[in-house]
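What follows is a set of notes on a single structure, which appears directly below.
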Amino acid sequence: FFFQAEDGIRDSSVTGVQTCALPIYPKFGSGVLVAAKGKVSAISDRDGDGTAETETVVATGWRELSHNVDALGVAVDRDGQIFFGLGTADFTNPYGVNAEGQTQYDLASERGTVLKVAADGSRREIFCTGIRFPVGLAFHPDGDLFCTDQEGATWLANGNPFDELLHLQKGKHYGFPPRHSRHLPQVIDEPSTFDYGPQHQSTCGLTFNAGPRSFGPAWWCNSALVAGYSRGKLYRTTLVKTAQGYVANNQLLACFQRLVADACVTPDGGLLVATHSGDPDWGSGPAGQ
């Protein structure tokens, strides 16, 4: 997510990402927000020469996961509030059931949530729960927050049967882990906006095709562009907001002989796609270039 030094919101959705001035960093110039292992950082260009010189940690302090996937996705709303995700504590045992059969899952934990950081950086809070790994996080042009979330039925039969596109709302629970009569009876699982099948599409990158120079024909404007990482797919998902919430229709936009990580719209209305090495499914593995 890019931020700018100027005051007020800048609509640069033509580039495939939102940009705005962040009240938390009035003196840090322009730069990018990056979610990483153990922290979310603002990488700043103070003097405007196009080269970043400063890292400022926006959020940190949680217990890192044992593997390399930790904090994921960054988005900023129109008020400069920063949203990011923390992956679930243990995707192999999402309820945290111990040897005595007791549930350790805690709705008050920051794990498996999307978090909101105040515009001035003074505090952060849990925005929603029941998230597995929210790889892509982006605001729809209408101002609603969306994320891609990962399939979890491999480890939990009723936990995210498919990779998902979610419309995130404050205080809601999104099904990983799902409601359970003994382990988690106090939640109501929100349905996904769209499920990408068959299983194991690994929805990752998310951007909205918005702005004066959107990609493709005019009727593609405001669609979600979703990267299906493991199967080398790129989807165009149309969203329509109703009184009961969003409904979606999906089309396969492109297939690649590589793992598709993300995509963004270029200033001239083209589409730039980021891919990872190796063929679809597992790629080239840890030894690959």
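The values are calculated or read from the model by the stated rules, or taken from the named source; none is laboratory data. In this text, all values refer to a predicted model and were calculated from it rather than measured experimentally. Neighbour counts run over all protein chains shown; Cβ positions are idealised from the backbone, glycine included. All accessible areas refer to the heavy atoms of the entire protein, side chains included, with ligands and DNA or RNA removed. Shrake-Rupley method; radii C 1.70, N 1.55, O 1.52, S 1.80 Å.
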Quick check, is Gly288 farther than 20 Å from Leu72 by Cβ, touching a strand residue (DSSP E or B) at 6+ places or on another chain (Cβ under 9 Å) and in a loop (DSSP other than H, G, I, E, B)? yes
Which condition does Pro177 not pass, out of (1) surrounded by 21 or more Cβ atoms within 10 Å (Cβ to Cβ); (2) over 13 Å from the mean Cα position of the chain (by Cα); (3) in contact (Cβ under 8 Å) with a residue 60 or more places away in the chain; (4) under 22 Å from Asn250 (Cα atoms), if it passes all the others? (4)
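State which residue is modelled with the lowest pLDDT when the search covers only the range 51-64 and only residues that are hydrophobic (A, V, I, L, M, F, W, C) and not in a strand (DSSP E or B). Step through it out loud before you land on a result.
Initially, the range 51-64 is screened for residues hydrophobic (A, V, I, L, M, F, W, C), giving 52, 57-59, 62.
Filter again for not in a strand (DSSP E or B), leaving 52, 62.
Values: Ala52: 89, Trp62: 94.
Among them, the one singled out is Ala52.
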List pairs: first residue in the range 212-232 and without any contact (Cβ under 8 Å) to a residue 24 or more places away in the chain, second residue basic (Lys, Arg) and buried (at least 17 other Cβ atoms within 10 Å of the Cβ) anywhere in the structure, Cβ distance under 7 angstrom, at least six positions apart or on different chains. Trp220/Arg236; Ser223/Arg236
Under the condition of being of a type in the set (A, V, I, L, M) and assigned to a loop (DSSP other than H, G, I, E, B), which residue from the range 146-174 is most open to solvent (accessible area, probe 1.4 Å)? Ala157
Within the range 236-267, residues open to solvent by less than 50 Å² (accessible area, probe 1.4 Å) and either closer than 23 Å to Ser284 by Cα or touching a helix residue (DSSP H, G or I) at 6+ places or on another chain (Cβ under 6 Å) (or both) come out as Ala254, Leu259, Val260, Ala261, Ala263
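For the range 136-145, state whether one or more residues are closer than 19 Å to Leu72 by Cα and surrounded by fewer than 18 Cβ atoms within 10 Å (Cβ to Cβ). Spell out how you get there, then give the answer.
The first filter runs over the range 136-145 and keeps only residues closer than 19 Å to Leu72 by Cα, leaving 136-140, 144-145.
Remaining after also requiring surrounded by fewer than 18 Cβ atoms within 10 Å (Cβ to Cβ): 140, 144.
Within the range 136-145, one or more residues are closer than 19 Å to Leu72 by Cα and surrounded by fewer than 18 Cβ atoms within 10 Å (Cβ to Cβ).
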Can you pull out the residues in the range 22-32 that are of a type outside the set (Phe, Trp, Tyr) and either surrounded by fewer than 22 Cβ atoms within 10 Å (Cβ to Cβ) or modelled with pLDDT under 85 (or both)? Leu22, Pro23, Ile24, Pro26, Lys27, Gly29, Ser30, Val32
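Give the residue, chosen from Gly278, Gly283, that is open to solvent by less than 20 Å² (accessible area, probe 1.4 Å) and at positive phi.
Values: Gly283 fails: open to solvent by less than 20 Å² (accessible area, probe 1.4 Å).
So the residue among Gly278, Gly283 that is open to solvent by less than 20 Å² (accessible area, probe 1.4 Å) and at positive phi is Gly278.
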Of the residues in the range 66-90, those that are modelled with pLDDT under 90 and over 24 Å from Gly29 (Cα atoms) number 4
Does any residue of the range 205-222 turn out to be among the small types (Gly, Ala, Ser), open to solvent by less than 10 Å² (accessible area, probe 1.4 Å) and more than 14 Å from the chain's Cα centre (by Cα)? yes
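Take Asp79 and decide whether it is open to solvent by 70 Å² or more (accessible area, probe 1.4 Å) and part of a loop (DSSP other than H, G, I, E, B).
yes
Here are some residues: Thr148, Thr113. Which one is free of Cβ contacts under 8 Å to residues at least 40 places away in the same chain, within 30 Å of Ala210 (Cα to Cα) and touching a Ser or Thr at 6+ places or on another chain (Cβ under 7 Å)?
Numbers: Thr148 fails: free of Cβ contacts under 8 Å to residues at least 40 places away in the same chain.
Criteria check complete, one pass: Thr113.
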When you check Gln186 against the structure, is it open to solvent by 60 Å² or more (accessible area, probe 1.4 Å) and under 16 Å from the mean Cα position of the chain (by Cα), yes or no? no
Say whether the condition of being among the hydroxyl-bearing types (Ser, Thr, Tyr) and over 27 Å from Gln169 (Cα atoms) is met by at least one residue in the range 227-236. yes
What single numbered condition from (1) in a strand (DSSP E or B); (2) at pLDDT below 90; (3) open to solvent by 40 Å² or more (accessible area, probe 1.4 Å) fails to hold for Gly48? (1)
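For the range 242-258, state whether one or more residues are part of a strand (DSSP E or B), touching a strand residue (DSSP E or B) at 6+ places or on another chain (Cβ under 7 Å) and within 11 Å of Tyr229 (Cβ to Cβ). Working first, answer last.
The first filter runs over the range 242-258 and keeps only residues part of a strand (DSSP E or B), leaving 242, 245-255.
Checking the rest, the ones that are also touching a strand residue (DSSP E or B) at 6+ places or on another chain (Cβ under 7 Å) come to 245-255.
This time we only want the ones that are within 11 Å of Tyr229 (Cβ to Cβ), so: none.
For the range 242-258, residues part of a strand (DSSP E or B), touching a strand residue (DSSP E or B) at 6+ places or on another chain (Cβ under 7 Å) and within 11 Å of Tyr229 (Cβ to Cβ): absent.
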When (1) free of Cβ contacts under 8 Å to residues at least 40 places away in the same chain; (2) open to solvent by 50 Å² or more (accessible area, probe 1.4 Å) are applied to Gly197, the one that fails is (2)
